[in-house]
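Taking it in order: structure first as structure tokens, then the write-up.
The values are calculated or read from the model by the stated rules, or taken from the named source; none is laboratory data. Bear in mind the structure is a predicted one, so any value in this text is a computation, not a measurement. Heads up, the Cβs are rebuilt from the backbone with ideal geometry, glycines too, and the neighbour counts pull from every protein chain shown.
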Amino acid sequence: MKTRALTAAALSAFFISAIPAQAAAIPHPLWLGVEEIWAVGAGGGTPSPGTAGVPFEISKKIAQTGAKYQRVSASWRQLQPDDKFPAGPPSPTSWTDANFDQTAISQLDDAVRAAADTRPATGFGLQVLLQVESAPYWAEDLTGRPDVGAFATEQNNYKGAWQPKSDAVKALAQALATRYDGNDRHNTYGRLLPKITAFQAWNEPNLSTHLAPQTSPGGTLVGPRMYRELLNAFDQGLHDSGRTDTQTVAAGMSPFGQPRGVVQGTSPQIFAQGVLCVQKAGRAFTKVPDCGPVHFDVWAQHPYDIQGLPMRPADPKGKNGLMADIPALRAAVAAGVREGTVLPAVTKPFWVTEFDWWTNPPSPEFGKSPGLAARFTMDSLWRAWSAGVDTLFWYGMRDIRTWSGGLWNASAFPTARVGLTTRILAADKAKPSLRAFQWPFREVKGAHPYAWGIVPCRLAGQRILIDQLIKRRWRPVTHGTSAASGVFQIPLSAKGKGVGRWRARAPATCGGTSPEWNSAW
């Protein structure tokens, strides 16, 4: 048996060495992140020092996906609530516990520490994107807010959206940037808090449930101007902390607008152009007079298409914000940089800060079969990369009752965050989407076909073998090397043989064999 195994290995090595490696441009990276919807406040409060609580187990699973980032979302209304600060905190820019609700800030600290702390018993060394939204009443300018009617009811259901005050936004950003500068011990246990560099200002501001009003009583679009002021204040607050290493990440926008009805929504391309102070003139963009500038470091989008397909084409009307519309959004950002309405005047990275595919089970209405969702996951990651996305975050580590896009099937659905336990997390079962997220791979057809993927170890310099099913046997047809973030783009022969079934093989220490890609699916 040893002789046969050695002979087979020798023949395989000879065959692989004979495969010509085709030259290709070095592909740009695609970094990945995950957000667990219930990470902050899960498990019923703060664990004792040195013990592994629910936030630790959440970040452990996120690290297992190969993610570089964990997105952590915090509610401003909970951090600085009205019942504790009826007129706002006495020292708005202070970063100490006294400036926040004790329970809320401790829960946020726990989530950040579990994600970003580099000590193995405490955290997993993930980079945190801290997103904050939902203003307390004391931080809202309530001028013009309706007290009665359907829209007033909607605003009461989604508190914290009405005209956030710029000075309060700026103070909050300064306080958070100082608290998470990597040097702070002003917290419950007096332990050093990890550093956060990426801070996201708000979430889906093109919807009135997040930022209101979107239009004035006369019908004039005001949401983009309001968000531009909020984003500038947030950016200034980060800089006022004295730090030079922070990143201001603009809020990811909802993929669709809804101009009529109780929930107002502005189409993301229209909203983005308003924030960026550019307007479409034919195929080009021009500067909007007397507008801007707006300050940020990263632009973002949420290109969900839960009811659609990943191959949906770009919106010919120039309004939507799906994956195929990202090049148009990137063009608007680039135009703002070029016209001087976007500062600093440097090329801006583009992030997708929420994305997923729902599965059935548990969602019979919107979910795809687990296998189809896995294929859509691999396909969508490639589409994001090809559209120029630098970083993509999967929204939902595990399913909850109202959101079935998790990478794990939930073993139980607690009715509140405090009900989530380590025992429940341990019983969750991985979906096929998890493997697709860890090891995305596909064949890309065209005049210049290629194999694309991201190796699970996320390292450059890994040798990748591409196999094709030929005469019912997997045979290596070419090979290449991974680049930054583990991404690879290996040319294929346009005159290939066999059926359209492909797989990639990385070293065993870097993930082994990928899921299969079948071009006939």
Any residue in segment 15-43 that's under 21 Å from residue 440 (Cβ atoms): show its pairings with residues that are assigned to a loop (DSSP other than H, G, I, E, B) and modelled with pLDDT under 85 at Cβ separation under 8 Å, as long as the two are six or more apart or on different chains. 36/42
Does residue 223 qualify as being in contact (Cβ under 8 Å) with a residue 12 or more places away in the chain and either assigned by TED's automatic domain parsing to the domain that holds residue 349 or within 23 Å of the chain's Cα centre (by Cα) (or both)? yes
When you look at residue 273, is it modelled with pLDDT of 95 or more, surrounded by 18 or more Cβ atoms within 10 Å (Cβ to Cβ) and under 20 Å from the mean Cα position of the chain (by Cα), yes or no? no
Picked from segment 127-181 (must be modelled with pLDDT of 95 or more and basic (Lys, Arg)), the residue nearest to residue 197 (Cα to Cα) is 179
Selection status of residue 421, touching a residue at least 24 places away in the same chain (Cβ under 8 Å), outside the structural domain of residue 464 (by TED's automatic domain parsing), touching a Lys or Arg at 6+ places or on another chain (Cβ under 8 Å) and β-branched (Val, Ile, Thr): no
For segment 176-183, check the following and say yes or no: at least one residue is assigned to a loop (DSSP other than H, G, I, E, B) and among the hydroxyl-bearing types (Ser, Thr, Tyr). yes
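Let's see how each residue does on (1) free of Cβ contacts under 8 Å to residues at least 12 places away in the same chain; (2) over 28 Å from residue 229 (Cβ atoms); (3) hydroxyl-bearing (Ser, Thr, Tyr):
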residue: 84; (1), (2), (3): no, no, no
residue: 90; (1), (2), (3): yes, no, no
residue: 110; (1), (2), (3): no, yes, no
residue: 115; (1), (2), (3): no, yes, no
residue: 156; (1), (2), (3): yes, no, no
residue: 163; (1), (2), (3): no, no, no
residue: 172; (1), (2), (3): no, no, no
Do any residues in segment 363-390 that are free of Cβ contacts under 8 Å to residues at least 12 places away in the same chain have Cβ atoms under 7 Å from those of residues that are among the hydroxyl-bearing types (Ser, Thr, Tyr), where the two are at least six apart or on different chains, and which pairs are they? 368/359
Quick test of your reading of the structure: residue 181 fulfils all but one of (1) surrounded by fewer than 14 Cβ atoms within 10 Å (Cβ to Cβ); (2) within 22 Å of residue 89 (Cα to Cα); (3) acidic (Asp, Glu). Name the failing condition by number. (1)
So, of the residues in segment 298-348 that are charged (D, E, K, R) and out of contact with any strand residue (DSSP E or B) (no Cβ under 9 Å at 6 or more places or on another chain), which turns out to be nearest to residue 197 (Cα to Cα)? 305
Within segment 329-371, restricting attention to residues that are under 18 Å from the mean Cα position of the chain (by Cα) and in a strand (DSSP E or B), which residue is nearest to residue 286 (Cα to Cα)? 350
Within segment 372-397, how many residues turn out to be in a helix (DSSP H, G or I), of a type in the set (S, T, N, Q) and crowded, with 22+ Cβ neighbours inside 10 Å? 2
Complete set of residues in segment 458-507 that are more than 24 Å from residue 65 (Cβ to Cβ) and not in a strand (DSSP E or B): 471, 472, 492, 493, 494, 495, 496, 497, 498, 499, 500
What's the number of the condition residue 500 fails, among (1) within 17 Å of residue 448 (Cβ to Cβ); (2) over 30 Å from the mean Cα position of the chain (by Cα); (3) surrounded by 16 or more Cβ atoms within 10 Å (Cβ to Cβ); (4) not hydrophobic (A, V, I, L, M, F, W, C)? (3)
Just for segment 99-153: of the residues that are touching an Asp or Glu at 6+ places or on another chain (Cβ under 7 Å) and under 25 Å from residue 39 (Cα atoms), which one is surrounded by the most Cβ atoms within 10 Å (Cβ to Cβ)? 136
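For (1) farther than 24 Å from residue 329 by Cβ; (2) in contact with a strand residue (DSSP E or B) (Cβ under 8 Å, 6 or more places away or on another chain); (3) among the hydroxyl-bearing types (Ser, Thr, Tyr), each residue gets a yes or a no:
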| site | (1), (2), (3) |
| --- | --- |
| 155 | yes, yes, no |
| 179 | yes, no, no |
| 182 | yes, yes, no |
| 212 | no, yes, no |
| 233 | no, no, no |
| 237 | yes, no, no |
Regarding residue 218, is this residue at pLDDT below 95, on the phi < 0 side of the Ramachandran plot, in the same structural domain as residue 274 (by TED's automatic domain parsing) and assigned to a loop (DSSP other than H, G, I, E, B)? yes
Quick check on segment 240-252. Is at least one of its residues of a type outside the set (S, T, N, Q), over 25 Å from residue 168 (Cα atoms) and either in contact with a helix residue (DSSP H, G or I) (Cβ under 6 Å, 6 or more places away or on another chain) or assigned by TED's automatic domain parsing to the domain that holds residue 337 (or both)? no
